[in-house]
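Below you'll find the structure, written out as C-alpha coordinates, and then a few comments.
The values are calculated or read from the model by the stated rules, or taken from the named source; none is laboratory data. This one's a predicted model, so the numbers in the text were calculated from it and none came from an experiment. Heads up, the Cβs are rebuilt from the backbone with ideal geometry, glycines too, and the neighbour counts pull from every protein chain shown.
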Amino acid sequence: MTVVLDLLNNDPRAKIRATPRHPEKVNRPDTPILSKPAWIRVKAPGSAAWAETKRIVRENKLVTVCEEASCPNIGECWSKKHATFMIMGDTCTRACAFCNVRTGLPGPLDADEPAKVADAVAKLGLEHVVVTSVDRDDLADGGAAHFAATIAAIRLASPGTTIEILTPDFLRKPGALEKVVAAKPDVFNHNLETVPSKYLTVRPGARYFHSVRLLQRVKELDGEIFTKSGIMVGLGEQRHEVLQLMDDLRSADVDFLTMGQYLQPTRKHHAVVSFVPPDEFDAYEKVAYTKGFLMVSATPLTRSSHHAGDDFRRLRERRRG
Ligand code: SF4
(Lines give C-alpha, C1' and ligand atoms only; values in the text may rest on other atoms or scores of the structure.)
Protein backbone atom coordinates (compact mmCIF):
# COMPACT_ATOMS: atom_id res chain seq x y z
CA MET A 1 0.00 0.00 0.00
CA THR A 2 2.74 2.46 0.93
CA VAL A 3 4.56 1.79 -2.31
CA VAL A 4 1.45 2.40 -4.40
CA LEU A 5 0.67 5.68 -2.62
CA ASP A 6 4.26 6.89 -2.91
CA LEU A 7 4.38 6.14 -6.59
CA LEU A 8 1.10 7.95 -7.13
CA ASN A 9 2.62 10.96 -5.41
CA ASN A 10 5.25 10.89 -8.14
CA ASP A 11 8.00 11.05 -5.57
CA PRO A 12 11.23 10.10 -7.38
CA ARG A 13 12.59 8.71 -4.11
CA ALA A 14 9.50 6.57 -3.49
CA LYS A 15 11.22 3.33 -4.46
CA ILE A 16 14.06 4.09 -2.07
CA ARG A 17 11.60 4.89 0.72
CA ALA A 18 9.81 1.59 0.11
CA THR A 19 13.01 -0.40 0.68
CA PRO A 20 14.24 -1.26 4.16
CA ARG A 21 16.39 1.37 5.87
CA HIS A 22 19.35 -1.04 5.93
CA PRO A 23 18.86 -3.60 3.14
CA GLU A 24 22.26 -5.18 3.75
CA LYS A 25 21.32 -5.98 7.34
CA VAL A 26 17.90 -7.53 6.74
CA ASN A 27 19.14 -11.13 6.68
CA ARG A 28 21.53 -10.76 9.57
CA PRO A 29 20.66 -12.67 12.73
CA ASP A 30 19.17 -10.60 15.52
CA THR A 31 21.54 -9.53 18.28
CA PRO A 32 20.20 -9.25 21.81
CA ILE A 33 19.60 -5.70 23.05
CA LEU A 34 20.94 -5.18 26.57
CA SER A 35 18.95 -2.93 28.86
CA LYS A 36 20.67 0.37 29.48
CA PRO A 37 22.32 1.05 32.82
CA ALA A 38 21.19 3.91 35.07
CA TRP A 39 23.98 6.21 33.85
CA ILE A 40 22.57 6.25 30.29
CA ARG A 41 19.49 8.38 30.86
CA VAL A 42 18.55 11.37 28.75
CA LYS A 43 15.88 14.06 28.85
CA ALA A 44 12.92 13.63 26.53
CA PRO A 45 12.76 16.30 23.82
CA GLY A 46 9.94 18.83 23.84
CA SER A 47 10.99 22.36 24.90
CA ALA A 48 9.99 25.46 22.90
CA ALA A 49 13.59 25.89 21.68
CA TRP A 50 13.63 22.24 20.60
CA ALA A 51 10.44 22.82 18.57
CA GLU A 52 11.95 25.97 17.02
CA THR A 53 15.09 24.07 15.99
CA LYS A 54 12.93 21.36 14.46
CA ARG A 55 10.87 23.95 12.56
CA ILE A 56 13.98 25.60 11.06
CA VAL A 57 15.45 22.23 10.07
CA ARG A 58 12.19 21.21 8.36
CA GLU A 59 11.61 24.59 6.69
CA ASN A 60 15.08 24.47 5.14
CA LYS A 61 14.51 20.82 4.16
CA LEU A 62 17.72 19.79 5.91
CA VAL A 63 18.89 16.45 7.21
CA THR A 64 20.50 16.20 10.65
CA VAL A 65 22.66 13.45 12.01
CA CYS A 66 20.89 14.06 15.33
CA GLU A 67 17.78 12.44 13.88
CA GLU A 68 19.28 10.05 11.34
CA ALA A 69 21.67 8.49 13.82
CA SER A 70 19.04 8.46 16.62
CA CYS A 71 21.37 10.45 18.84
CA PRO A 72 20.42 10.21 22.52
CA ASN A 73 21.35 13.86 23.11
CA ILE A 74 18.81 15.37 20.75
CA GLY A 75 16.57 16.67 23.56
CA GLU A 76 19.45 18.54 25.18
CA CYS A 77 21.16 19.81 22.00
CA TRP A 78 18.07 20.97 20.14
CA SER A 79 16.84 22.77 23.26
CA LYS A 80 20.02 24.83 22.91
CA LYS A 81 19.37 25.25 19.17
CA HIS A 82 22.38 23.13 18.40
CA ALA A 83 21.85 20.72 15.51
CA THR A 84 24.45 18.94 13.41
CA PHE A 85 23.65 19.17 9.72
CA MET A 86 24.19 16.14 7.54
CA ILE A 87 24.78 17.19 3.95
CA MET A 88 24.62 15.27 0.64
CA GLY A 89 21.39 13.44 1.46
CA ASP A 90 20.16 10.94 3.98
CA THR A 91 21.50 7.79 2.30
CA CYS A 92 25.00 6.44 2.87
CA THR A 93 27.01 4.34 0.42
CA ARG A 94 28.79 2.44 3.21
CA ALA A 95 27.13 0.00 5.59
CA CYS A 96 28.87 0.25 8.94
CA ALA A 97 27.57 -2.18 11.54
CA PHE A 98 27.01 0.47 14.21
CA CYS A 99 25.31 3.21 12.23
CA ASN A 100 21.61 3.98 11.91
CA VAL A 101 21.88 6.23 8.85
CA ARG A 102 19.94 4.84 5.86
CA THR A 103 22.10 2.88 3.39
CA GLY A 104 21.74 2.45 -0.36
CA LEU A 105 22.25 4.40 -3.54
CA PRO A 106 21.89 8.13 -2.80
CA GLY A 107 20.21 10.67 -5.06
CA PRO A 108 22.01 13.52 -6.88
CA LEU A 109 23.48 16.37 -4.85
CA ASP A 110 21.26 19.37 -4.12
CA ALA A 111 23.19 22.36 -5.50
CA ASP A 112 21.17 24.68 -3.22
CA GLU A 113 22.05 22.76 -0.07
CA PRO A 114 25.08 24.89 0.93
CA ALA A 115 22.83 28.01 0.85
CA LYS A 116 20.07 26.23 2.79
CA VAL A 117 22.52 25.15 5.50
CA ALA A 118 23.93 28.69 5.67
CA ASP A 119 20.42 30.09 6.01
CA ALA A 120 19.59 27.70 8.86
CA VAL A 121 22.86 28.56 10.64
CA ALA A 122 21.99 32.26 10.43
CA LYS A 123 18.40 31.71 11.61
CA LEU A 124 19.54 29.60 14.55
CA GLY A 125 22.17 32.23 15.38
CA LEU A 126 24.87 29.61 15.82
CA GLU A 127 28.27 30.71 17.11
CA HIS A 128 29.69 27.32 16.17
CA VAL A 129 28.26 24.87 13.69
CA VAL A 130 29.04 21.23 13.00
CA VAL A 131 28.49 19.91 9.48
CA THR A 132 28.82 16.25 8.66
CA SER A 133 27.79 14.08 5.72
CA VAL A 134 26.96 10.61 4.60
CA ASP A 135 29.70 8.70 2.77
CA ARG A 136 29.43 9.45 -0.94
CA ASP A 137 31.70 6.85 -2.52
CA ASP A 138 29.62 7.24 -5.69
CA LEU A 139 30.95 10.78 -6.31
CA ALA A 140 34.29 11.35 -8.04
CA ASP A 141 35.53 13.58 -5.21
CA GLY A 142 33.56 11.89 -2.41
CA GLY A 143 31.64 15.15 -1.93
CA ALA A 144 34.71 17.28 -1.15
CA ALA A 145 33.60 20.20 -3.36
CA HIS A 146 30.16 20.17 -1.71
CA PHE A 147 31.79 20.36 1.72
CA ALA A 148 33.93 23.28 0.54
CA ALA A 149 30.87 25.06 -0.93
CA THR A 150 28.96 24.61 2.34
CA ILE A 151 31.83 26.08 4.36
CA ALA A 152 32.03 29.05 1.97
CA ALA A 153 28.25 29.66 2.13
CA ILE A 154 28.26 29.64 5.95
CA ARG A 155 31.24 32.03 6.04
CA LEU A 156 29.39 34.40 3.74
CA ALA A 157 26.09 34.34 5.67
CA SER A 158 27.56 34.20 9.19
CA PRO A 159 31.16 35.46 9.21
CA GLY A 160 31.39 35.20 12.99
CA THR A 161 30.38 31.54 13.13
CA THR A 162 33.15 29.01 13.63
CA ILE A 163 32.85 25.88 11.52
CA GLU A 164 33.56 22.29 12.42
CA ILE A 165 33.31 19.54 9.84
CA LEU A 166 33.04 15.83 10.45
CA THR A 167 33.99 14.13 7.22
CA PRO A 168 34.10 10.67 5.66
CA ASP A 169 37.51 9.26 4.75
CA PHE A 170 37.43 10.16 1.01
CA LEU A 171 39.09 6.80 0.46
CA ARG A 172 40.66 6.51 -2.99
CA LYS A 173 39.59 10.04 -4.02
CA PRO A 174 42.79 11.89 -5.00
CA GLY A 175 42.75 15.61 -4.20
CA ALA A 176 39.52 15.45 -2.19
CA LEU A 177 41.02 16.13 1.23
CA GLU A 178 43.08 19.03 -0.12
CA LYS A 179 39.90 20.63 -1.49
CA VAL A 180 38.19 20.53 1.91
CA VAL A 181 41.24 21.76 3.84
CA ALA A 182 41.61 24.70 1.42
CA ALA A 183 38.12 25.86 2.48
CA LYS A 184 39.60 26.41 5.96
CA PRO A 185 37.20 24.91 8.47
CA ASP A 186 38.10 25.79 12.08
CA VAL A 187 37.94 22.16 13.19
CA PHE A 188 38.47 19.09 11.01
CA ASN A 189 36.97 16.02 12.61
CA HIS A 190 37.24 12.52 11.26
CA ASN A 191 36.25 9.68 13.55
CA LEU A 192 38.25 6.48 13.84
CA GLU A 193 35.09 4.99 15.46
CA THR A 194 36.85 1.94 16.93
CA VAL A 195 40.17 0.16 17.40
CA PRO A 196 41.80 -1.52 14.36
CA SER A 197 40.96 -5.09 15.44
CA LYS A 198 37.25 -4.26 15.15
CA TYR A 199 37.34 -2.63 11.72
CA LEU A 200 36.35 -5.73 9.77
CA THR A 201 33.16 -6.21 11.75
CA VAL A 202 32.33 -2.63 12.75
CA ARG A 203 33.60 -0.42 9.90
CA PRO A 204 34.32 -2.85 7.06
CA GLY A 205 34.45 -0.26 4.25
CA ALA A 206 37.22 1.78 5.91
CA ARG A 207 40.89 1.33 6.67
CA TYR A 208 42.23 2.31 10.08
CA PHE A 209 45.60 3.65 8.98
CA HIS A 210 44.06 5.56 6.10
CA SER A 211 41.92 7.43 8.65
CA VAL A 212 44.90 8.15 10.91
CA ARG A 213 46.89 9.35 7.91
CA LEU A 214 44.02 11.58 6.76
CA LEU A 215 44.08 13.40 10.11
CA GLN A 216 47.84 13.75 9.96
CA ARG A 217 47.64 15.12 6.42
CA VAL A 218 45.16 17.84 7.51
CA LYS A 219 47.76 19.13 9.97
CA GLU A 220 50.51 18.95 7.36
CA LEU A 221 48.40 20.97 4.92
CA ASP A 222 47.24 23.59 7.41
CA GLY A 223 48.64 23.62 10.93
CA GLU A 224 46.08 26.20 12.08
CA ILE A 225 43.12 23.86 11.72
CA PHE A 226 42.27 21.95 14.87
CA THR A 227 41.96 18.21 14.31
CA LYS A 228 39.61 15.97 16.20
CA SER A 229 38.69 12.30 16.23
CA GLY A 230 36.36 10.08 18.19
CA ILE A 231 35.64 6.49 19.07
CA MET A 232 32.83 4.47 20.57
CA VAL A 233 33.55 2.02 23.34
CA GLY A 234 31.55 -1.04 24.34
CA LEU A 235 32.09 -2.84 21.01
CA GLY A 236 34.40 -5.46 22.51
CA GLU A 237 37.64 -3.48 22.30
CA GLN A 238 40.42 -4.07 24.84
CA ARG A 239 41.80 -1.30 27.04
CA HIS A 240 45.34 -1.68 25.67
CA GLU A 241 43.95 -1.27 22.14
CA VAL A 242 42.30 2.02 23.12
CA LEU A 243 45.57 3.26 24.62
CA GLN A 244 47.42 2.32 21.40
CA LEU A 245 44.78 4.18 19.37
CA MET A 246 45.42 7.27 21.50
CA ASP A 247 49.13 7.00 20.69
CA ASP A 248 48.33 6.63 16.98
CA LEU A 249 46.22 9.79 17.06
CA ARG A 250 48.91 11.72 18.91
CA SER A 251 51.46 10.55 16.32
CA ALA A 252 49.19 12.20 13.77
CA ASP A 253 49.17 15.37 15.89
CA VAL A 254 45.42 15.18 16.62
CA ASP A 255 44.29 17.82 19.14
CA PHE A 256 40.97 16.58 20.42
CA LEU A 257 39.71 13.10 21.31
CA THR A 258 36.08 12.19 22.01
CA MET A 259 34.97 8.88 23.49
CA GLY A 260 31.39 7.74 24.08
CA GLN A 261 29.40 4.59 24.74
CA TYR A 262 28.19 2.69 21.67
CA LEU A 263 24.40 2.26 21.71
CA GLN A 264 22.80 -0.30 19.43
CA PRO A 265 20.17 1.22 17.08
CA THR A 266 18.35 -2.05 16.21
CA ARG A 267 18.65 -5.81 16.68
CA LYS A 268 20.33 -6.02 13.27
CA HIS A 269 23.20 -3.75 14.29
CA HIS A 270 26.39 -4.69 16.10
CA ALA A 271 25.68 -5.81 19.65
CA VAL A 272 26.67 -3.75 22.67
CA VAL A 273 29.35 -5.98 24.21
CA SER A 274 29.60 -3.93 27.40
CA PHE A 275 28.41 -0.74 29.02
CA VAL A 276 31.55 1.05 30.12
CA PRO A 277 30.97 2.70 33.53
CA PRO A 278 31.60 6.45 34.01
CA ASP A 279 34.70 5.91 36.19
CA GLU A 280 36.37 4.01 33.32
CA PHE A 281 35.65 6.94 31.03
CA ASP A 282 37.27 9.23 33.63
CA ALA A 283 40.33 6.98 33.67
CA TYR A 284 40.55 7.02 29.86
CA GLU A 285 40.28 10.82 29.92
CA LYS A 286 43.17 11.14 32.39
CA VAL A 287 45.40 8.84 30.34
CA ALA A 288 44.53 10.71 27.14
CA TYR A 289 45.58 14.02 28.65
CA THR A 290 48.90 12.53 29.72
CA LYS A 291 49.45 11.53 26.09
CA GLY A 292 49.22 15.17 25.05
CA PHE A 293 45.74 15.85 23.66
CA LEU A 294 44.70 19.50 24.03
CA MET A 295 41.13 18.44 24.74
CA VAL A 296 39.47 15.17 25.72
CA SER A 297 35.80 14.49 26.19
CA ALA A 298 35.08 10.99 27.48
CA THR A 299 31.69 10.21 29.01
CA PRO A 300 29.04 7.62 28.19
CA LEU A 301 26.96 10.20 26.30
CA THR A 302 29.83 12.00 24.56
CA ARG A 303 29.27 12.29 20.82
CA SER A 304 31.51 14.06 18.29
CA SER A 305 29.32 17.13 18.15
CA HIS A 306 28.04 17.17 21.72
CA HIS A 307 28.90 20.55 23.34
CA ALA A 308 31.06 21.20 20.29
CA GLY A 309 30.82 25.00 20.61
CA ASP A 310 31.92 25.12 24.26
CA ASP A 311 34.66 22.60 23.56
CA PHE A 312 35.90 24.63 20.61
CA ARG A 313 36.24 27.75 22.80
CA ARG A 314 38.25 25.74 25.33
CA LEU A 315 40.37 24.22 22.60
CA ARG A 316 41.25 27.67 21.29
CA GLU A 317 42.09 28.98 24.77
CA ARG A 318 44.32 25.98 25.43
CA ARG A 319 46.25 26.46 22.21
CA ARG A 320 46.75 30.14 23.04
CA GLY A 321 47.71 29.17 26.57
S1 SF4 B 1 25.32 15.22 20.18
FE2 SF4 B 1 25.54 15.92 18.06
S3 SF4 B 1 24.34 14.47 16.85
FE4 SF4 B 1 23.70 14.26 18.98
S5 SF4 B 1 21.93 15.63 19.17
FE6 SF4 B 1 23.76 16.77 19.81
S7 SF4 B 1 24.37 17.83 17.94
FE8 SF4 B 1 23.00 16.23 17.31
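For the list (1) among the basic types (Lys, Arg); (2) buried (at least 23 other Cβ atoms within 10 Å of the Cβ); (3) in a loop (DSSP other than H, G, I, E, B), I need the number of the one condition that ARG172 fails.
All conditions pass for ARG172, except number (2).
Go through (1) closer than 30 Å to ALA111 by Cα; (2) surrounded by fewer than 20 Cβ atoms within 10 Å (Cβ to Cβ) and name the single condition HIS82 misses.
Result: HIS82 passes all but (2).
Just the residues that are assigned to a helix (DSSP H, G or I), within 15 Å of the ligand (Cβ to nearest atom) and of a type outside the set (A, V, I, L, M), please, taken from the stretch 54-66. Steps first, please.
Going through the stretch 54-66, the residues assigned to a helix (DSSP H, G or I) turn out to be 54-59, 65-66.
Still in the running and within 15 Å of the ligand (Cβ to nearest atom): 54, 56-57, 65-66.
Hits for the stretch 54-66 are LYS54, CYS66.
Scan the stretch 210-228 for residues that are surrounded by 20 or more Cβ atoms within 10 Å (Cβ to Cβ) and assigned to a helix (DSSP H, G or I) and report the count.
At the first step, the residues of the stretch 210-228 found to be surrounded by 20 or more Cβ atoms within 10 Å (Cβ to Cβ) are 211-212, 214-215, 218, 226-228.
After this cut, where a residue has to be assigned to a helix (DSSP H, G or I) as well, the list is 211-212, 214-215, 218.
Qualifying residue count for the region: 5.
With the requirement that a residue be part of a helix (DSSP H, G or I), surrounded by fewer than 20 Cβ atoms within 10 Å (Cβ to Cβ) and in contact (Cβ under 8 Å) with a residue 60 or more places away in the chain, what does the stretch 183-209 give you?
Passing the criteria: only THR201.
I'd like the full set of residues that are of a type outside the set (A, V, I, L, M) and over 23 Å from ARG58 (Cβ atoms), limited to the stretch 100-123. It would help to see each step written out before you state the result.
Step one: of the stretch 100-123, the residues of a type outside the set (A, V, I, L, M) are 100, 102-104, 106-108, 110, 112-114, 116, 119, 123.
Listed by number, the list holds a single entry, THR103.
So ALA69 passes all but one of these: (1) farther than 25 Å from GLN264 by Cβ; (2) within 12 Å of the ligand (Cβ to nearest atom). Which condition number does it fail?
Result: ALA69 fails condition (1) only.
Out of ALA122, ALA97, ALA51, which single residue is within 16 Å of the ligand (Cβ to nearest atom) and out of contact with any Gly (no Cβ under 6 Å at 6 or more places or on another chain)? Before the answer, list the steps.
Values: ALA122 fails: within 16 Å of the ligand (Cβ to nearest atom); ALA97 fails: within 16 Å of the ligand (Cβ to nearest atom).
After ruling out the rest, the residue left standing is ALA51.
How do the pairs read when you match residues in the stretch 56-72 that are among the basic types (Lys, Arg) with residues anywhere that are at pLDDT 90 or above and more than 9 Å from the ligand (Cβ to nearest atom), using Cβ under 9 Å and keeping only pairs 6 or more apart or on different chains?
Close Cβ pairs satisfying both conditions: LYS61/ASP110; LYS61/GLU113; LYS61/LYS116.
I'd like the full set of residues that are near the ligand (Cβ under 10 Å from one of its atoms), assigned to a loop (DSSP other than H, G, I, E, B) and under 15 Å from the mean Cα position of the chain (by Cα), limited to the stretch 72-94.
Listed by number, the residues that qualify are PRO72, ASN73, HIS82, ALA83.
Of all the residues that make up the stretch 107-121, how many are within 28 Å of LYS25 (Cβ to Cβ) and touching a Leu at 6+ places or on another chain (Cβ under 9 Å)?
At the first step, the residues of the stretch 107-121 found to be within 28 Å of LYS25 (Cβ to Cβ) are 107-110, 113.
When the remaining residues are screened for being touching a Leu at 6+ places or on another chain (Cβ under 9 Å), the result is 109, 113.
The total comes to 2.
Kindly list the number of the only condition in (1) in a helix (DSSP H, G or I); (2) in contact with a Leu (Cβ under 6 Å, 6 or more places away or on another chain); (3) farther than 28 Å from GLN238 by Cβ that fails for ALA148.
Only one criterion in (1) in a helix (DSSP H, G or I); (2) in contact with a Leu (Cβ under 6 Å, 6 or more places away or on another chain); (3) farther than 28 Å from GLN238 by Cβ is unmet by ALA148, namely (2).
Within the stretch 200-243, which residues are under 20 Å from LEU263 (Cβ atoms), within 16 Å of the chain's Cα centre (by Cα) and not hydrophobic (A, V, I, L, M, F, W, C)?
ARG203, SER229, GLY230
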